[in-house]
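**Student:** Below is the structure I would like to discuss, written out as structure tokens.
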């Protein structure tokens with residue numbers, strides 16, 4: 001397949017579309033003489049005049065009109081295919097994030113996103129800390145370990161854990177002095193590494209930030225995931241430490257945030273996408289929506 005000089009075809013199509021050499025030059029960010037040169041190059045290649053020139057005025061020849069109709073459709077198809085290859089199908093976006101964040105915070109809010117952006121079909125994928133940040137996995141990510149180099153990272157939220165329990169247990173706690181009476185109830189500790197010794201580091205860190213030690217005789221139940229601990233707390237099996245986004249997602253008030261201090265873990269959440277997709281409409285829309293939603297999380301803890 002022998003193709004014409006594509007730069008020349010692009011210049012010709014812009015002149016024909018805008019009916020102006022100067023406007024075509026501005027659109028292509030080149031000089032007017034460069035556009036004229038490319039058009040003459042194409043006419044020589046085709047051995048056919050594409051414009052009728054009469055002094056400073058010009059118009060398409062019959063051959064030029066026919067050629068423009070054909071190549072404009074081809075250029076549109078080429079641009080569309082290239083956009084799909086670089087940015088994916090418009091209106092379809094794959095977001096990869098942690099399961100806890102998806103289940104306990106994002107999914108309850110997805111109706112709001114679909115209402116605000118009905119033209120975007122958002123698909124969710126689950127990731128872990130050592131995920132592969134590639135197009136095979138997703139178009140964009142929410143992670144605490146943002147990659148460097150060719151990626152943009154938009155800060156969303158710093159993790160801060162607060163004591164929380166179910167409504168039934170709160171009825172027993174609310175009139176008691178805290179935090180001293182807290183330790184009479186089971187503490188629900190999360191430890192993702194099941195092979196490590198169970199040390200309840202989350203509760204020890206929380207106590208340290210409050211200026212006291214974790215009592216030696218306190219009852220501690222261990223869980224391998226924060227979702228499990230949150231569900232146990234919901235059913236009044238003890239008190240857990242959970243991030244503000246869990247509490248923000250509990251629209252039916254299954255979990256109650258205790259009036260006690262929080263502790264920052266050092267983990268920070270980022271919305272991540274490739275720099276090459278920074279101008280993609282779907283990415284921009286989702287990024288703005290996520291930042292607005294995280295403002296609600298800050299309200300919970302203020």
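The values are calculated or read from the model by the stated rules, or taken from the named source; none is laboratory data. Please read these numbers as outputs of a predicted model, since none were measured by experiment. Note: ideal-geometry Cβ built from the backbone for every residue, glycine included; neighbour counts use all protein chains shown.
**Student:** Go through the residues of the range 38-50 one by one and say whether even a single one is assigned to a helix (DSSP H, G or I) and in contact with a strand residue (DSSP E or B) (Cβ under 9 Å, 6 or more places away or on another chain).
**Tutor:** Checking the range 38-50: at least one residue is assigned to a helix (DSSP H, G or I) and in contact with a strand residue (DSSP E or B) (Cβ under 9 Å, 6 or more places away or on another chain).
**Student:** Also, I was wondering about something else. Determine which member of the set 137, 103, 154 is touching a residue at least 40 places away in the same chain (Cβ under 8 Å), surrounded by fewer than 21 Cβ atoms within 10 Å (Cβ to Cβ) and assigned to a helix (DSSP H, G or I).
**Tutor:** Checking each option against the conditions leaves just 103.
**Student:** Also, I was wondering about something else. Does residue 189 satisfy the criteria of being touching a helix residue (DSSP H, G or I) at 6+ places or on another chain (Cβ under 9 Å), part of a strand (DSSP E or B) and at negative phi?
**Tutor:** It is true that residue 189 is touching a helix residue (DSSP H, G or I) at 6+ places or on another chain (Cβ under 9 Å), part of a strand (DSSP E or B) and at negative phi.
Conditions (1) over 25 Å from residue 154 (Cβ atoms); (2) modelled with pLDDT of 95 or more; (3) outside the structural domain of residue 169 (by TED's automatic domain parsing), marked per residue:
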position: 228; (1), (2), (3): yes, no, no
position: 242; (1), (2), (3): no, no, no
position: 254; (1), (2), (3): yes, no, no
position: 262; (1), (2), (3): no, no, no
position: 278; (1), (2), (3): no, no, yes
position: 293; (1), (2), (3): no, no, yes
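**Student:** Still on this model: Looking only at residues in the range 60-75 that are touching a helix residue (DSSP H, G or I) at 6+ places or on another chain (Cβ under 8 Å) and under 14 Å from residue 6 (Cα atoms), which one is surrounded by the most Cβ atoms within 10 Å (Cβ to Cβ)?
**Tutor:** Top of the filtered list is 67.
**Student:** Would you mind telling me which numbered condition in (1) part of a loop (DSSP other than H, G, I, E, B); (2) exposed (fewer than 12 other Cβ atoms within 10 Å of the Cβ) residue 30 fails?
**Tutor:** Of the numbered conditions (1) part of a loop (DSSP other than H, G, I, E, B); (2) exposed (fewer than 12 other Cβ atoms within 10 Å of the Cβ), the odd one out for residue 30 is (2).
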